[in-house]
Amino acid sequence: MSLWRQLTYGLRSLMNRAKHDRDVAEEVEQYFEEAEAAWRSRGLSAKDARRAARLEAGTMAVAKERVNSYGWENTARSFLSDLRFAGRQLLKHKVFTATATLTLALGIGANAAIFTVIQSVLLSPLPYKNADKLAVLQTHWTNSGHTKVGVTGPDGVDVRDQAKSLEAVSLYSGGNLGVQLRDHSVYTVVTFVDANFARVFSLQPIAGRLLTDGDAHHAALVSEEFARDHFGSTQAAVGQMLQVENEPVEIVGVLPGNFDFPAQTRVWEAFPLRPESEERTAFNYKAVARLRSSATFQTAETELLGISRRLETAYPGANRNKQILARPVHEALTGDTRPTLLFLWAAVALILLIACVNVTHLQLVRAMERQRELAIRRALGSSSRQVIQPVILESLLVSLVGGAAGVLLAFPAVRVLVAMAPKELPRMNEIHLNGWVLGFTLALSVLTALASSILPALKAARVDPAETLKQDASRGMTRQGATTLRDGLVIAEVAATLVLAVGAALLLHTMMALAERDMGYQTRQLLVVDADAPAHSEQDAHRAVRQFHDIFLQLAAVPGVTQVAGIMGLPTGAYGSNGYYTVTGAGPVDVNHSPYADFSVASPGYFRAMGIPVKRGRDFSAQDTDQSPFVAVISESLAKQSFGNTDPLGKQVQCGLDSDKWMTVVGVVGDVRQDSPAANPGPTLYMPMTQHPYYGNQIHIVLRTEVQPLTVMNAVRETIARVNPFIAMRFTTMDAMVNTSIATERFRAALISSFAGVGLLLAMLGVYGTMAYTVAQRTFEIGVRMAFGAERGAILGGVLAHAAKLACYGIALGLGLSLMLARLVTSMLVGVRPTDPISLCVASLLLLLTALAAALAPGWRATHVDPMVALRSA
């Protein structure tokens, strides 16, 4: 029979079972008639011929059964029959079904939620044309191993001119800036780009045109969102004027809303192709490039290595040991978040493993209850496949229902993840459930079904009817192997949960350590204002500094405000600078040997407002103007780094921030943690705003208050607007900024703690199930013991001791696994060792208490067994 005829015949038989049965009956009857005729032709009587045919083929019923065992449709019919039977069994045992389904829903839902984030952030292609050909240029120092995202202006130009494997190279810079519109100012991300930027990304505007090299400092592109928010429509935005840094520019085009590079950019202002900075030690630019269609990243890297060597030969001072690299844009965008996301995925995979163990345990308990049923089926002639298939199908149904419930749980879980995620998480607006996630969830459900049904199915296949029918669970007459297997699953569950609990304890201990760290300044009662006064020329910058001086005086008079100051380079803030410096008596700046420091530009009173102690000398004063000798204040780390035990006051310091003038050290202040509580205090060089006005127009204003900081926000806003209504402002508090700086650490700790909580719940269910079933098995034994005078305390103690023993075995195994995996979390810990004894002890004690709490209810029921009832029911 051809494949097509087999297929169509099978479909007809499935759709019309009655006709199929009639056809089979007719076919079997015809076969027997022909067989009898054949035997009669050999000389047998009709009776003997009928008997011979029956001996050869069996009874009519057996023959029909044999015919029905052939063909794919009969296999499908058997499968559907077992599937219906499995569904009826699950409906009959509602407690088992609900418990197993909810258990898997937690594990599968958590995995689906995390996979949604991973798929959207790490796996899905970037929404750019030929995104696999986009590269970010980085600078790497071969002597130190340090890598910096970005290039110097001259290096970028040389790469653009010499690299044949790169089709286009664009330099850009920018950040949060104030943008002045017709009647108001807004804070937004502004990126200064050259005309090659559109070529790199193959951009097409939805209104207007793209930038040309002749547009430098005169034109800008805006995002679709910016155009609609401020001008009503994309077409209406074209031709409008705005000001950036007091420089008027015309909007010549609008980019589509799905373009977001660099992240959160809303305005792209045109800059010239040749960068304004000619310093090969000033990394003022980032660079993005497009590879030619025939080029690969390997060929580009080889070519850039040759260019780097030529530049090192041409500029041995500035380019010594410097190598320019090309890194895929996708990798550059997601590289920092990859370890955290994969770590979280490993954690939820552990949750799913615990859930699978839990469901396996539940199914083993059900299999023990079905031993007699399975034994009878084997005794009646059922094959191993016929015994195993219903067990696997039950698991498959539970897993599919659990997977569907997990998807429903994943929707709110994804929203919670996005809300909790640090703002540094890239592509957050692209995170959503999609077909890939649903496919992953379906595959995960099937794999879960197979994983959780292997042991129950194997036990079902090995059922010995004779031995099983002799056993009596109600009298404790079961094989020791069954108890050992269930206990082993509980031990595995406790061990896996302990790994999660240890990870959570370490991360929570890290958060406690960060919260207790001395930042070097006082964060409480401190209002912070991001303030950007438009300035383009030197005259504008001096005017902005004078305006801020007036603003500080007026803000000091606001009720509730005690101290006011300004700073470019606020700890955990968005603005700052750093670089090499030299001190009195040293030669020219050598980037390979000169010391490195953070640079900050501050107003008088800044250290007092922040609570940074002045250790020696003085603060800046009103006498430190651009007409007076240049001065500087240094941190203790810088003093120790450059002057050792020598008194630094009166010494000379020079840096390349904006002037080559030597500055006299007039004060030494305490160290601060510049980036976050996780950062170590480092050297900082402070300079007065009046002497460095180019860095004094975009600052943070810090206000020490006697009241809740945000309660004076409106008064502060009105005061600043009276002085200059075009100063763009944003408000926050120092506490909020510090908290934001450790958002990634908090994100990890919160999620791992949540996962550990789920693991503890599942472990509790596993221990409870084991103890409850053990007590039920031993009801007869317990009744006998109590009839002979056993104390209730002894009965309860025995149950709790068994639970404690399992927990201790699991804890020992979990501690070993935790120590083996410790290196995976080392980079995520601050002030805490991976083998921190406090964290290990807390996690172990928590698991032990969880196991005892789970065993308490079954133990309590065991102490209330009525001996007479137990003996009569046995």
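In table form, for the structure just shown:
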| quantity | calculated |
| --- | --- |
| Elements of type strands (runs of 3 or more DSSP E) in segment 632-728, at least 2 residues being open to solvent by less than 30 Å² (accessible area, probe 1.4 Å), farther than 30 Å from residue 174 by Cβ and not basic (Lys, Arg) | 663-669 |
| Flag for residue 293 being open to solvent by 50 Å² or more (accessible area, probe 1.4 Å) and in contact (Cβ under 8 Å) with a residue 60 or more places away in the chain | yes |
| Segment 243-275, subset modelled with pLDDT under 90 and among the small types (Gly, Ala, Ser), residue most open to solvent (accessible area, probe 1.4 Å) | 263 |
| Count - residues of segment 251-265 that are assigned to a loop (DSSP other than H, G, I, E, B) and farther than 12 Å from residue 201 by Cα | 5 |
| Positions within segment 157-195 being assigned to a helix (DSSP H, G or I) and either in contact with a helix residue (DSSP H, G or I) (Cβ under 7 Å, 6 or more places away or on another chain) or over 27 Å from residue 302 (Cα atoms) (or both), in sequence order | 158, 159, 162 |
| Output for segment 498-545, where each listed residue is outside any loop (DSSP other than H, G, I, E, B) and β-branched (Val, Ile, Thr) | 499, 502, 510, 528, 529, 545 |
| Count of segment 267-286 residues which are in a loop (DSSP other than H, G, I, E, B) and not polar (S, T, N, Q) | 11 |
| Qualifying residue in segment 531-548 (condition: open to solvent by less than 20 Å² (accessible area, probe 1.4 Å), modelled with pLDDT under 90 and under 22 Å from the mean Cα position of the chain (by Cα)) | no |
| Selection count, segment 208-228, where residues are under 32 Å from the mean Cα position of the chain (by Cα) and in a helix (DSSP H, G or I) | 3 |
| Subset of segment 180-223 (residues that are crowded, with 22+ Cβ neighbours inside 10 Å, among the hydroxyl-bearing types (Ser, Thr, Tyr) and in contact with a Lys or Arg (Cβ under 6 Å, 6 or more places away or on another chain)) | 223 |
| Residue list for segment 296-326, restricted to those being of a type in the set (Gly, Ala, Ser) and open to solvent by less than 10 Å² (accessible area, probe 1.4 Å) | 300, 308, 326 |
| Pairs where the first residue, in segment 389-401, is touching a residue at least 24 places away in the same chain (Cβ under 8 Å) and outside any helix (DSSP H, G or I) and the second is buried (at least 20 other Cβ atoms within 10 Å of the Cβ) and polar (S, T, N, Q), C-beta under 9 Å, 6+ apart | none |
| Filter result for residue 774 (within 29 Å of residue 354 (Cα to Cα) and modelled with pLDDT under 80) | yes |
| Test: residue in segment 101-120 that is of a type in the set (Phe, Trp, Tyr) and over 30 Å from residue 243 (Cβ atoms) | yes |
| Segment 402-427, subset basic (Lys, Arg) and either open to solvent by less than 60 Å² (accessible area, probe 1.4 Å) or assigned to a helix (DSSP H, G or I) (or both), residue modelled with the lowest pLDDT | 427 |
| Condition broken by residue 463, with the remaining ones in (1) part of a helix (DSSP H, G or I); (2) at pLDDT below 60; (3) β-branched (Val, Ile, Thr) satisfied | (1) |
| Residue within segment 361-371 that is assigned to a helix (DSSP H, G or I), of a type in the set (Lys, Arg), open to solvent by 30 Å² or more (accessible area, probe 1.4 Å) and at pLDDT below 80 present | no |
| Residue list for segment 287-308, filter: assigned to a strand (DSSP E or B) and out of contact with any Gly (no Cβ under 8 Å at 6 or more places or on another chain) | 288, 289, 290, 291 |
| Cβ-Cβ under 6 Å pairs, at least 6 apart or on other chains, segment 168-182 side on the phi > 0 side of the Ramachandran plot, far side in a strand (DSSP E or B) and polar (S, T, N, Q) | 174/191 |
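Each row is one residue, and each column tells you yes or no for (1) in contact with a Pro (Cβ under 8 Å, 6 or more places away or on another chain); (2) of a type in the set (A, V, I, L, M, F, W, C).
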{"site": "799", "(1), (2)": "yes, yes"}
{"site": "810", "(1), (2)": "no, no"}
{"site": "815", "(1), (2)": "no, yes"}
{"site": "830", "(1), (2)": "yes, yes"}
{"site": "839", "(1), (2)": "no, no"}
{"site": "843", "(1), (2)": "no, yes"}
{"site": "846", "(1), (2)": "no, yes"}
{"site": "857", "(1), (2)": "no, yes"}
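The values are calculated or read from the model by the stated rules, or taken from the named source; none is laboratory data. All values reported here derive from a predicted model rather than from experimental measurement. Counting neighbours? That spans all protein chains shown, and the Cβs are built from the backbone with ideal geometry, glycine included. Areas reflect the complete protein model, heavy atoms only, side chains present, ligands, DNA and RNA absent. Shrake-Rupley method; radii C 1.70, N 1.55, O 1.52, S 1.80 Å.
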